[in-house]
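Notes follow once the structure below has been shown.
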Amino acid sequence: MRFSVTSRVLYGAAAASALNIPNRGLLDEVKQDLDGLTEDLEQLALPLDMFGKFDTMTLEEAQAGAADDEDTDANNDELSSPASTDEFTAQATCANPRIRVEWRNMRDADKLSFVNAVKCLMEKPPSGNFSPSQSRYEDIVAVHQQMTNRIHMSGLFLPWHRYYTWVFSGLLREECGYTAPLPWWDEVRDAGNFAGSGLFTDEYFGDLPPANGGRGTCIQNGAFGGTILNIGPGASNSPHCLARAVDETQTANVNQAFVDSCNSRNTYSSMESCSEMGPHAYGHNGIGAVMAAVSGSPGDPIFFLHHGFVDRMWRKWQIKDNSRLRNISGCATPGDNCEPLTRDTVLSSMGLRREVTVGQILDIYEPFLCYLYDY
Ligand SMILES: [Cu+2]
């Protein structure tokens, strides 16, 4: 899924400079190769409208919704039980929770280990069950693409993406030997300046550039530089580069006021739609291009750190009232006349990992998932 010339070129350049060999011929050849690579890759940069966008709501709508949030869900959230005040003193049934660590709190070695494990999935052959996936990583992307209409714009969104991140972390650990903590990204600290978050660097995720002439900008540096995606855009599948198109006016909406406004809503479905069309959608749209495509957005590995942020936001809402760790309400399907969302609703990853019920993943601090966030 990557140009083979990439490694040849990069290793050639590194070897020449490491040994300090004054090999003009080789360096010129490398430079020409890189120029050629840049041109080749740019042919695979798609216009932004081919990626689409996530539906959004404004902060004003989020605040208005919080103000007149009546308990209208079919089975209302109970608001009587006491809230737990401390993540770590809640009733413990998972003795040794894995801790998800905010990117900036990760050791540098663990950051590197993470991007390398993702690359490992990108270099592993596909299962063959998700054509035209070209790697194990793209198998995961294809599942999201194929399930897209069921897992967005309904109450299923948060449980399914919690489950999906668990599936992803399982593949990292079991198929690529990843042992460090799973990172998440505290995006509110970077609202309006995602590009300065410390994620988008040469060592890790590569740059977060703006659009280029109405097209996404192909990522050429970092662990995923030169990556070609075969899943998407949209419901279609054609090779395109891993591209971004940052818009910091969009990322500015991923702020504490917006998060607080969503998390002050009382019913699950009201909170869920605010999260999905608020900070979640603005994070996707703000990074842009591949990330702005609803169905194929996991093609950009930053997806999983973004969804850690969204998942933690849900956790914060849940621990305001312990009943939210046990009960859920609202819709399991989009639109009117929906199927109710219950603890028995089944979550599937099309065979990547076992199916689970919503009840099993509702509380991350129960034995099945058994993880917490570092803050
Ligand atoms: Cu999604």
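The values are calculated or read from the model by the stated rules, or taken from the named source; none is laboratory data. Please read these numbers as outputs of a predicted model, since none were measured by experiment. Methodologically, a virtual Cβ is constructed for each residue, glycine included, from the backbone with ideal geometry; neighbour enumeration extends over all protein chains shown. The accessibility values were calculated without ligands, DNA or RNA, using every heavy atom of the protein model including side chains. Shrake-Rupley method; radii C 1.70, N 1.55, O 1.52, S 1.80 Å.
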- So the carbon and sulfur contribution to the accessible area of the stretch 257-375, 1.4 Å probe, in percent, is 50
- Query: log₁₀ I(q)/I(0) of the stretch 86-373 at q = 0.09, 0.14 Å⁻¹, via Debye over equal Cα point scatterers, no solvent, to two decimals?
  - Reply: -0.39, -1.03
- Message: Sort 353-362, 334-343, 212-221 by the packing proxy (mean of other Cβ within 10 Å over each peptide's residues), most packed first.
- Response: 212-221, 353-362, 334-343
- Relative packing of peptides 182-195, 48-61 - highest average C-beta neighbours within 10 Å first: 182-195, 48-61
- Here the relative contact order (percent) of the stretch 276-375, from C-alpha pairs under 8 Å and at least 6 apart, is 13
- Item | Contact order relative to length of the stretch 114-254, as percent, for alpha carbon pairs under 8 angstrom and 6 or more apart | 23
- Note on the structure: Diffusion coefficient in µm²/s returned for the stretch 130-200 by Stokes-Einstein, Kirkwood Rh over C-alpha pairs, 10 °C and 1.306 mPa s, is 110
- Item | Distance (nanometres) between label positions extended 7 Å along Cα→Cβ at residue 337 and residue 316 | 3.9
- Task: Counting only heavy atoms of the protein chains, get the accessible area per residue of the stretch 149-193 (1.4 Å probe) and round it to a whole Å² value.
- Result: 30
- The answer for the net charge of residues other than residue 195 whose Cβ lies under 14 angstrom from its Cβ, with Lys and Arg +1 and Asp and Glu -1, is -4
- Task: Report the local net charge at residue 48: Lys and Arg +1, Asp and Glu -1, summed over other residues whose C-beta lies under 12 Å from its C-beta.
- Result: +1
- Burial order of peptide ranges 264-276, 237-249 (average beta-carbon count within 10 Å, highest first): 264-276, 237-249
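Express the carbon and sulfur contribution to the solvent-accessible surface of the stretch 132-186 as a percent, rounded to the nearest whole number, probe 1.4 angstrom.
Roughly 46 percent of what the probe reaches on the stretch 132-186 is carbon or sulfur.
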- Note on the structure: For residue 146 and residue 212, extending 7 Å from Cα along the Cα-Cβ vector and measuring point to point gives, in nm, a value of 3.3
- Note on the structure: Note, residue 166: beta-carbon cut-off 15 Å, +1 each Lys/Arg, -1 each Asp/Glu, net +2
- If you wrap a convex hull around the C-alpha atoms of the stretch 272-375 and split its volume per residue, what is the figure in Å³? 131
- Task: Starting from the residue with the highest accessible area, list 106, 350 in decreasing order, probe 1.4 Å.
- Result: 350, 106
